[in-house]
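Inspection log for the structure reproduced underneath, given as C-alpha cells.
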C-alpha cells in the first residue's frame, strides 16, 4: 500500500470529481457555456420577432430571427445530449475507479475482518452502494455550473425587463432554500438507516444461500422465510419513509416555484391595470420567468443526489475503514529471500474477546527440518500455523523466519518464501491449470523472480500428488467439436484400432462397444435411436425433442406414446426417490432429472395426476418425451427397460438410419470404427463404446492400458494439456473433496517454497493418496524445505524430525517420535488412544 | 431365472431388486421405506469374475457390499499363509461398519465364480444419512445388536475349548 496516498475509505466524495477526469470535466464546462448561450438566445429572438419583425412587417427579418431561434433550440438540444454523454462517461469512470479502489482495499484487509463480515455485505457495497455517489461525481460540476449560470442569466434578464417584478418573483427562492434542507436532513437520516439495513439484508441473504444444505436438511424453510420477511419488512418501511421525505422535498419545491407566476400576475396585473406596465412587457416577463423553473428544479434534484450520494458514500466507506495489518508489497526493494530457519519465541495469541488460543509458545526449526504439530482439536495447532504464515496477527512474542520478524514483513515477502496449504481447500472458478499455477502466477505478477513451471514440471507434480490420473480422466472425458483437433482425432482412431486388437476381448464385460446390432444400456434412448453424431444442432441430443423430422418419425413408427409412458414412469420414480433431497451431486449423478429441473417435473406429475393423462400441454408432452429420450437404463436404475422395448428400439434404429440417409444424408455421421465421433468423449472414442464397469480396479486397468497406447502415439501430454483446461466450476464444485485437496497441495509444491505450512492438508484424501504425499514430503522435501504440518492422523508422524504436542494453547512436549514415545508422555497417550 | 439372478444391465429394474435385498440386511432393515429407497437408488452394481477381489486385507476401501448372486470367499493372510475363513453368498451384507467410519480391512474378500454385488460408498451413505437425522439412534441400535448377536453366536459355537483365546473375548464390551 502506498503510504503517501490517502486510503480510499478516508477519501472525500469530492476528491473523485476531478481525479482522472479533469479533461472531461473541462470539456463539459465548455459545452455548458455554449448551452447557456443557446438557452438565452431564443428569448432575445422572441422579443425581436415581436418588436421588430412583426411590428415593422419585415418578412426577411422574421425569417432571419426564426432561423436563429431554430438554430439555438437545435444547438441547445445537441449540447444537452452531449452533456448527458459526458456526465455518464465521467460517472461510469468514477464508478469503475471507486469499485477497483474499494476492492483493492477490501482484499488487503485482515482475515479477522472477514470472519465478522458476510460476503453479501461486500457484494452489496461494491455492486450497489457506489452507484449513487458515482452519479453525483458525474453531475458535480456540470449541473450546478450550468443551472446556476442559466438561473443568473435569466434573473439578470428579468431585472433588465422590470426590476420591481423581478425582485418580487425571485423573493420565493430564499424561502425555499430554508424549507428544503430541513426536509432533506430527515431524508438523509432515513437513507443512512437504509444503507445500513441493506448491508445487513444482503449479508443475511448470502448467509442463507451459503447454508442452503442446512435449510434443506432440516426443512427449515419457514424459519428462513420468517427471518427474511422480518428484514424485508423493515427495509420496506424505511424505504417508504425515505421516499416520502424525498417526494416532500420535490413537492415543497414545486409549490414554491408555482407561487412565482401567482406573484407576477398579482403584482404585474396591478401595474398593468394602473397603466404602469405594458401588456406586451408583462407577457414577455411571464415567459422569461417560466424559464427559471427548469434550472431550479435540476438544482434541487442535484442537491438530492448529492445528499443521498454523500450519505451512502460515507456509510459504505466507514464500514470498510479498517487498516490492513501488513503492507502488501515492499516499497523501494525487492521481496526478501529468507533463510528457512524458523524460530517462535514466547508467542501468544488471543481472540478479540480475550480468549488465549496460544500461550507462550516456543519452538525452533533448522532449515529443512520437518515439524508435526499434534494434539486435540482446539489445542491451538492451526492458530500457531496461521501465525507463522502471517495470517493471524499475534499479540505477544515473536515469529522469526531467518533474521526477519514475520509481523514486520510484507505480504509479498511471505508469499515469496512461504507456501500454505489450508485445511479446507478453496478452488476458484477456472481451469485446473489456472488453479494449479495460482501461487506461481501470483508471485510473478507481484514482481518476485520466479520461473514459470514448464509442462514437465507440472506433470511431475501431478504424478507426485496423485492428481495425474484425475487430470488424464478430465482430458479423456473431453468432447471435441467437429472441425477442431483434427490431428488428435485421427491419432485417436489409430489408437482405437490398437485398443480393439489388444484389449477388446479382455474388457468385453467392462465396455459396451458401439455395435449396430446391439442396444446400448449406457447410452440414452435418443443416442440408441440415432446411433450417430449430429452434424447440425437440431439433431444434437439437447434439441432432438424439438426436431420436427425426428418427432414425425416417432409418431409414424408408433413410438411417441410409448416414450411418453416411459417418461412419465421415469419422472414418477425419480421424484419419488429424490423429491426431498438437496441438490447434491451424490444424489443426482445417477438421475435423469437434474436438481434444477426436479421441481418442474414435480408439478408436471401433479398435472398428469389431475388430468389423468388427458390433454397434456404440448410443452409438458415435450418435457416427458425429452426425459424418455435421455433415459439411459445402465445409469438411471430407478426404472428398468425390458428386452422387448430394446428390440423395438433397435428395429427403429435401422429404419431411422435408412430414412435419414435418404432424406437428409448430411444431418448425421453414423458410428463407424473408421470415423471420430464428435458427440462422444475421447475415452469413448478410444474404446469405441461406453465403459460400463463400476469397479475402480477395472477402470484403472483400462486407463493404464490407454496411457500405454497414448504414450506409444506420443499423445499423453496432449491429453493432459486438454485435461488441464477442464473447468473446476464455481468454488471447484466439479471436483471431489480429494481432488480439491490434491490440487492445492500440488499448487504449493509447484511453488517450491522455502517454508511449507500444511494445515491438516491431507485430511480429505484416501489412505493411498495420504501415504503418497507423506512419502513425497519425506523423500523430496526433507532438507530442502522447512515444514510445519498440523497433523490429525498420528500414523503419519513417525518420520518427522520433530513433533510438538499441543494442549490448551501450549506446547506440552516436543522432540523426535522415538524420544516422545520413550518418555511415555502425552504423545504416547495420544498414539495409544488412537 | 429368478428376478435376483443374472440379468443384463438395465433390463430388469435394479432399483427394486436393490430395495428388496437391502431391506433384509441388519443395517438397512431399520430404515422406513422412504429413506431405504434412497440407499437402494445410491447403490451401484459390480460384476466380478472368479478370483477378482472385492477388497483386500489392509486397505480402507470406504464401501459396503451386498451379494446379489454368486459367492465370495473371506480370506485372512496370516504372515503370507492365506487361510480361508468362510464363504458369503446371495443376500449377505458385508461392511456396515465401513460405512460408519474408517475401518481398515482385516480380511480379503475374493469372488468365487461370477459374482454380482451392490456396492454402497461411504460418502453416499453419509450424505444420505444426513438427510434422515432421526434415523441415527436406530442405526446405532442396529449396529450394537449386530455386534452383540455376533458374539453370542461366537460364544455358542465356541464350546468349552478355544485354546488361549478366552482373555481376548468380549467384542460386545467395546
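The values are calculated or read from the model by the stated rules, or taken from the named source; none is laboratory data. In this text, all values refer to a predicted model and were calculated from it rather than measured experimentally. Glycine gets a Cβ as well: all are built from the backbone with ideal geometry, and neighbour counts include every protein chain shown.
If I filter the range B:35-75 down to residues being closer than 18 Å to residue B:139 by Cα and assigned to a strand (DSSP E or B), which single residue comes out as nearest to the other protein chains (Cβ to nearest Cβ)? It comes out as B:63.
When restricted to residues that are more than 8 Å from chain B (Cβ to nearest Cβ) and either surrounded by 16 or more Cβ atoms within 10 Å (Cβ to Cβ) or touching a helix residue (DSSP H, G or I) at 6+ places or on another chain (Cβ under 8 Å) (or both), the range A:584-596 contains 6. Across the range A:673-715, the qualifying residues are those that are out of contact with any strand residue (DSSP E or B) (no Cβ under 9 Å at 6 or more places or on another chain) and within 14 Å of another protein chain (Cβ to nearest Cβ), and the one among them that is nearest to residue A:459 (Cα to Cα) is A:700. Within the range B:18-34, the set of residues being surrounded by 17 or more Cβ atoms within 10 Å (Cβ to Cβ) and either in a loop (DSSP other than H, G, I, E, B) or modelled with pLDDT of 90 or more (or both) comprises B:18, B:19, B:21, B:22, B:25, B:27, B:28, B:31. Screening residue A:507 against (1) over 36 Å from the mean Cα position of the chain (by Cα); (2) farther than 28 Å from residue A:661 by Cβ; (3) part of a helix (DSSP H, G or I) leaves a single unmet condition, (3).
Of the residues making up the range A:668-692, those that are buried (at least 18 other Cβ atoms within 10 Å of the Cβ) and part of a loop (DSSP other than H, G, I, E, B) are A:671, A:676, A:677, A:678, A:679, A:680, A:688, A:692. Entry remark, the range A:198-213: residues being part of a helix (DSSP H, G or I) and over 16 Å from the mean Cα position of the chain (by Cα) number 8 in total. For residue A:288, the test of being within 30 Å of residue A:378 (Cβ to Cβ), in contact (Cβ under 8 Å) with a residue 12 or more places away in the chain and either surrounded by 17 or more Cβ atoms within 10 Å (Cβ to Cβ) or out of contact with any strand residue (DSSP E or B) (no Cβ under 7 Å at 6 or more places or on another chain) (or both) is failed. For residue B:115, the conditions (1) at pLDDT 90 or above; (2) surrounded by 15 or more Cβ atoms within 10 Å (Cβ to Cβ); (3) part of a helix (DSSP H, G or I) are fulfilled apart from (3).
In this structure, residue B:120 qualifies as touching a strand residue (DSSP E or B) at 6+ places or on another chain (Cβ under 6 Å), within 13 Å of chain A (Cβ to nearest Cβ) and not in a loop (DSSP other than H, G, I, E, B). Flag: residue A:280 does not match the condition of being surrounded by fewer than 13 Cβ atoms within 10 Å (Cβ to Cβ) and not in a helix (DSSP H, G or I). State whether one or more residues within the range A:555-576 are within 14 Å of chain B (Cβ to nearest Cβ), part of a loop (DSSP other than H, G, I, E, B), crowded, with 19+ Cβ neighbours inside 10 Å and modelled with pLDDT of 90 or more. No, that holds for no residue. Between B:134, B:87, B:102, B:78, the distinction of being modelled with pLDDT under 90, surrounded by fewer than 17 Cβ atoms within 10 Å (Cβ to Cβ) and more than 14 Å from every other protein chain (Cβ to nearest Cβ) belongs to B:78 only. So, residue A:627, is that one in a helix (DSSP H, G or I), more than 14 Å from chain B (Cβ to nearest Cβ) and surrounded by 16 or more Cβ atoms within 10 Å (Cβ to Cβ) or not? When the stated conditions are applied, residue A:627 passes them. Selection of the range A:539-549 for residues being loosely packed, with under 14 Cβ neighbours inside 10 Å and in contact (Cβ under 8 Å) with a residue 40 or more places away in the chain yields only A:546.
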